[in-house]
Amino acid sequence: MSDEKIHQPTILVGVTGCIAAYKSCELVRALQNAGARVKVVMTEHGAEFVTPVTFKALTREPVALELFDDPNAPIHHISLAREADVFVIAPATANVINKLAAGVADDLLTTTALATAAPLLVAPAMNNHMWRDQTVQESLKTLRQRGVMVIEPESGYLACGDVGEGRLAAIEQIAQAALAELKRARDLAGQRILITAGPTREPLDPVRFISSPSSGLTGYAIAEEAARRGAEVTLVSGPVSLPDPFDVAVVRVQTAQEMFEAAKDYFSQSTAAIFTAAVADFRPQATADQKLKKGIDTSADGSLAITMVPNIDILATLAAQKGSRFVVGFAAETQDVVAAGQGKLVTKNADLIIANDVSDPTRGFGSKHNQVWFISADAVEQTKIITKKELARLLLDKVVARFC
Ligand code: CTP
């Protein structure tokens, strides 16, 4: 295989064992008509519904079936995983959805899904009772939270004779979703993005600190997605229990001052900066060398008075010198969310503020979901309740729009 061919934008179509498998032929055609190179991987049951020869003729590429069926690629799932810029499984059966959610990799299709860094889309198709099954719905929820895009099935007449939800989404819709992801594949190449994430810890003594419950999920999701889309990413992170995102340079810090020092260095080299960190606005004026003791460090009534002094505002300080950089801030609010976000857009000299209501425990801090307002000088847009991975995708689309 030539290098040129390896780098040709490729959509991998996964076909599983469902009567709707015949519609995958139309999907392959629609993707090819839009200019994409298409390869097909099938499960054993998928190949019962449409023969691999059909897909081979349509794609003019070998059809992948078995883990060891390509003599030129002895580790077939890895070569396929690397070749794919987008992986779309359509139709996706209940069985395959449950396997993906559980991380089962017992055939070429599921092993490739586990091995690829490409965005994964699944278009479920099944009987309506199977669709409503709790296991299937929980698996879909798990997949969505991991950033998998689920293209919801339609309601209508099903092959089994039942009428209800479970019919494969329209081919046009699946093709559009896959092509949109293909477009995103390297759309941030050439950008250098600084991201701050997580909380900061402001020490009172060697064992106590002032902090916030920020999990870092949003910043880490943005960093991972930006790197996947080709950006060079530096993530300056406060203490969180998340692993380093793949292909991202991570600088771990504790205090707001340390976060500022690290962010300042990378800001000067960046083309865009996204400040998601929940920075402590204040720190204790003094940090005790030894653990504070009841009765020794406290007043006669047992109370402990701590003088807090303001921390530097990292976003506002750096954005004051932003030049042509695209600067994004967040606004964590408990009331008047939009007005407060609009205020921060101006006072912090940001190009975009993502405001959210942190008083709702089902969203924001620690949750995998959020509902936000994108606030710029000329627009306010509210999202639905979305996963933090979807938020990352939408936000980075705006960064791309700015640079195009
Ligand atoms: N921010 C920052 N440095 C700080 C405080 C906040 O960089 N010392 C950034 C955050 O990362 C976020 C934005 O500023 O992008 C808004 O943070 P938020 O906590 O909502 O607001 P504050 O600036 O702290 O203001 P207030 O507490 O008054 O709402």
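Which residue is farthest from residue 369 (Cα to Cα), if the candidates are limited to the range 185-230 and must be among the acidic types (Asp, Glu) and buried (at least 21 other Cβ atoms within 10 Å of the Cβ)? Looking at the filtered set, the residue picked out is 202. Answer yes if at least one residue in the range 351-373 is over 21 Å from residue 217 (Cβ atoms) and within 16 Å of the ligand (Cβ to nearest atom), and no otherwise. Within the range 351-373, one or more residues are over 21 Å from residue 217 (Cβ atoms) and within 16 Å of the ligand (Cβ to nearest atom).
State whether one or more residues within the range 298-315 are under 30 Å from residue 189 (Cβ atoms) and not polar (S, T, N, Q). Yes - at least one qualifying residue is present in the range 298-315. The residues listed here are 254, 290, 269; of these, the one that is within 30 Å of residue 189 (Cβ to Cβ) and part of a loop (DSSP other than H, G, I, E, B) is 269.
The range 296-404 holds strands (runs of 3 or more DSSP E) entirely within its bounds, and those carrying 2 or more residues that are in contact with a Lys or Arg (Cβ under 8 Å, 6 or more places away or on another chain) and either in contact (Cβ under 8 Å) with a residue 40 or more places away in the chain or at positive phi (or both) map to 326-333. When residue 401 is tested against (1) surrounded by 13 or more Cβ atoms within 10 Å (Cβ to Cβ); (2) of a type in the set (A, V, I, L, M, F, W, C); (3) within 26 Å of the chain's Cα centre (by Cα), only condition (1) is not met.
Inspect all residues belonging to the range 301-311 and state whether any of them is β-branched (Val, Ile, Thr), away from the ligand (no atom under 14 Å from the Cβ), surrounded by fewer than 18 Cβ atoms within 10 Å (Cβ to Cβ) and at pLDDT below 95. So far as the range 301-311 goes, yes, one or more of its residues are β-branched (Val, Ile, Thr), away from the ligand (no atom under 14 Å from the Cβ), surrounded by fewer than 18 Cβ atoms within 10 Å (Cβ to Cβ) and at pLDDT below 95. When 243, 203, 213 are checked against the criterion of being more than 22 Å from residue 310 (Cβ to Cβ) and not basic (Lys, Arg), a single residue qualifies: 243.
Confirm whether residue 38 is at pLDDT 95 or above and either of a type outside the set (Val, Ile, Thr) or more than 25 Å from residue 181 (Cα to Cα) (or both). No, not satisfied. For the range 190-215, a residue qualifies if it is in a loop (DSSP other than H, G, I, E, B), within 28 Å of residue 359 (Cβ to Cβ), at pLDDT 95 or above and out of contact with any Lys or Arg (no Cβ under 7 Å at 6 or more places or on another chain), and the qualifying residues are 198, 200, 201.
Residues that are touching a helix residue (DSSP H, G or I) at 6+ places or on another chain (Cβ under 8 Å) and more than 12 Å from the ligand (Cβ to nearest atom) were ranked within the range 251-288; the one that is nearest to residue 327 (Cα to Cα) is 272.
The values are calculated or read from the model by the stated rules, or taken from the named source; none is laboratory data. Every value quoted in this text rests on a predicted model; they were computed, and no experiment measured them. Backbone-built Cβ (ideal geometry, glycine too); neighbour counts: all protein chains shown.
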